[in-house]
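Below: the structure, in structure tokens.
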């Protein structure tokens, strides 16, 4: 399930590397009676790895970059996805009760919020997807990090392994059914999150997948660091009619 937040058309300015700021704001909307602490400190564990099972997009809209700041002169949009409806419901209820929010040091007015879900489809489908937050895939060996380009076999295998672990974190005995047919328009991006720089890519993929696998990608992102704002995707074109369906469209004004 996804939550789509539209901020109003006033000018908004943030640091260029705003992902940590957005993540902190998301956590601040969760109840403090154990759920937020659980998600932040523990998460859903698989071995020694912790998964938060949510993802968020870049701030979407026309923008201008000046030095270390990014400005959205006509407002912007943020999408947040999660495997768990409870997570989205907490955010939705918070936003219903708070028309003005503080994102870092910037006060923003929420114009509208939408809830979207994915329609079920049977069998396998080929579809074209694009990233709305950059995707990163890597491995660490002997404290050395090796990043993979989207065209590489290593990138594909990293995505599949990540999906296997996400299913395991949800206690689902599902094997990912996922293949990458084509990659184009790949643009490398260096994103700073906390004190670490990550090599990532904005790109378009043609993939083939089944519903359970795609639902996990849709809700939690493709590959690693999803809860840090990496790997959120949207559908550009598909064989069927499995477009997201709008459940609620609430005008906040």
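Per this entry, residue 133 is not counted among residues that are loosely packed, with under 15 Cβ neighbours inside 10 Å and closer than 30 Å to residue 86 by Cβ. When 137, 168 are checked against the criterion of being more than 27 Å from residue 32 (Cβ to Cβ) and out of contact with any helix residue (DSSP H, G or I) (no Cβ under 8 Å at 6 or more places or on another chain), a single residue qualifies: 168.
What is the one condition in (1) within 21 Å of residue 54 (Cβ to Cβ); (2) loosely packed, with under 14 Cβ neighbours inside 10 Å that residue 174 does not satisfy? All conditions are met except number (2). Among residues that are at pLDDT 95 or above, closer than 18 Å to residue 137 by Cα and not in a strand (DSSP E or B), residue 181 is not included. Of the set (1) under 18 Å from the mean Cα position of the chain (by Cα); (2) over 11 Å from residue 135 (Cβ atoms); (3) outside any helix (DSSP H, G or I), all apply to residue 164 but (3). Restricting 6, 74 to residues that are out of contact with any helix residue (DSSP H, G or I) (no Cβ under 6 Å at 6 or more places or on another chain) and farther than 23 Å from residue 219 by Cα narrows the list to 74. Looking across the stretch 1-47 at every residue that is assigned to a helix (DSSP H, G or I) and closer than 22 Å to residue 163 by Cα, the one that is nearest to the chain's Cα centre (by Cα) is identified as 23.
The values are calculated or read from the model by the stated rules, or taken from the named source; none is laboratory data. Everything numeric in this text was worked out from a predicted model, so none of it was measured. Please note: Cβ atoms are built from the backbone with ideal geometry, for glycine as well, and neighbour counts cover all protein chains shown.
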